[in-house]
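Data first, discussion second: the structure below is written as structure tokens.
What follows draws every value from the coordinates through simple rules; no lab data is involved. Everything numeric in this text was worked out from a predicted model, so none of it was measured. Here the Cβ positions follow ideal geometry from the backbone for every residue, glycine too, while neighbour counts run over all protein chains shown.
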Amino acid sequence: MGQLVYLNGRLTARDEANVSIYDHGFLYGDGAFEGIRVYGGNIFRLREHVVRLLRSARALDIALGLTEAEIISAIAETARANHHTTGYIRVTVSRGDGLGLDPSHLTSKATIVISTEQLSLYPKEMYETGLTVITASTRVPPACCIDPQIKSLGRYVNNIMAKMEANRVGAGEALMLNMEGNVAEATGDNLFVVLGGVLVTPPTSQGALPGITRATVIECAEEIGIPFRESTVTLYDCYNADEAFLTGTAAEVIPMVRLDGRSIGGGAPGSTTVRLIEAFRRRTTVEGVRV
Ligand SMILES: Cc1ncc(COP(=O)(O)O)c(C=O)c1O
């Protein structure tokens, strides 16, 4: 049987899994999403992703009509139905169908889609050689506009613009600054730097998504005894860092060795980064909800 997609409570053949042209996610970016990884038959940090999805939905005041446990089992059921033991799971929700901004005119409940995908963001060798990154001119919006802690669909227009800036100059990623000029994160990843032996990442209040890979890496640092603090990170800090790397479900943990034409550290992945990559990979082999 071909691939199945969970669409509003039913597993549907992928070719027939269509949403309305009036879907608010399509019309206005009025929705939220999650990207989740499956490693060796285990769905990594599934509960954490579902909690973040529910928080995004609550902040947007979208009623999903499903409990945390129901969403978890819908995701696991979709992965199981597709024998999806390694890869990516995309969960997308929107407010529902209706032409016009006013949510009181919606003609349906929230749209909920779960699909299983194969994904490889960067070539394998880049995890050994590291990534070239630029700083985008596109900024992360302040929380008073659309809070970057919400993994909302609409927010990503900005990130796509920043990613296009990176593409235009052949860079692998773009860092995004907040309105104060401090580094918030990259277009689809959180940023870590190593400064004087201390691992540092910007707090989410600087405009960073509360990344699940970020949280895992912080746990790994604690486990292997690497000093860590959350603190404002400037471009000056990045240019002068001993090491830097990005974290995200899709990118996993990837070294950042050049930024805006400058080499970071020795221009190669540093020892702290390598230890954290190993610790992260170990966790992905032992943790997770069985498919
Ligand atoms: C803007 C942004 N920042 C950070 C991340 C990393 O978050 P996570 O590790 O939960 O995938 C993502 C990916 O979801 C993202 O889109």
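From the C-alpha gyration tensor of the range 125-254, pull out the three semi-axes of the equivalent ellipsoid (sqrt of 5λ each), sorted largest to smallest, in whole Å.
Rounded to whole Å, the semi-axes are 22, 17, 14.
Rounded to two decimals, what is the ratio between the C-alpha radius of gyration of the range 4-117 and 2.2 N^0.38 Å?
1.04
Less than 15 Å apart at the alpha-carbon level, and either on another chain or at least 8 residues along: which aspartates and glutamates does that give for Lys163?
Glu173, Glu185, Asp189, Asp260
For a quick check of your reading of the filter: which trypsin sites (Lys or Arg not before Pro) in the range 47-138 sit in a DSSP loop and have no more than 11 other Cβ atoms within 10 Å?
Hits after loop and neighbour filter: Lys124.
Does the range 126-203 come out rounded, prolate or oblate by the C-alpha gyration tensor, with a ≥ b ≥ c the root eigenvalues, rounded set by a/c under 1.5 and, if not, prolate when a/b is larger than b/c and oblate if not?
Judged from the Cα gyration tensor, the range 126-203 comes out oblate (a/c at least 1.5, b/c at or above a/b).
How are the alpha carbon pair distances in the chain distributed across 10 Å bins from zero to the largest one, expressed in percent?
Going from the shortest bin to the longest, the percentages are 6, 28, 34, 24, 8, 1.
In nm, to one decimal, how far is the Arg14 label point from the Thr232 one, both placed 7 Å along Cα→Cβ?
Those two pseudo-labels are separated by 4.7 nm.
If I take R0 = 35 Å and measure r between the Cβ atoms of His83 and Ala268 in this structure, what FRET efficiency does the formula 1/(1 + (r/R0)^6) give, to the nearest 0.05?
Taking R0 as 35 Å, the efficiency between His83 and Ala268 is 0.35.
7 Å from Cα along Cα→Cβ at both Tyr22 and Ser137: what's the point-to-point distance in nm?
Going by the 7 Å Cα→Cβ label model, 4.0 nm.
Pull up the DSSP beta bridges for the chain and report the antiparallel fraction as a percent, rounded to 5.
The antiparallel proportion sits near 85 percent.
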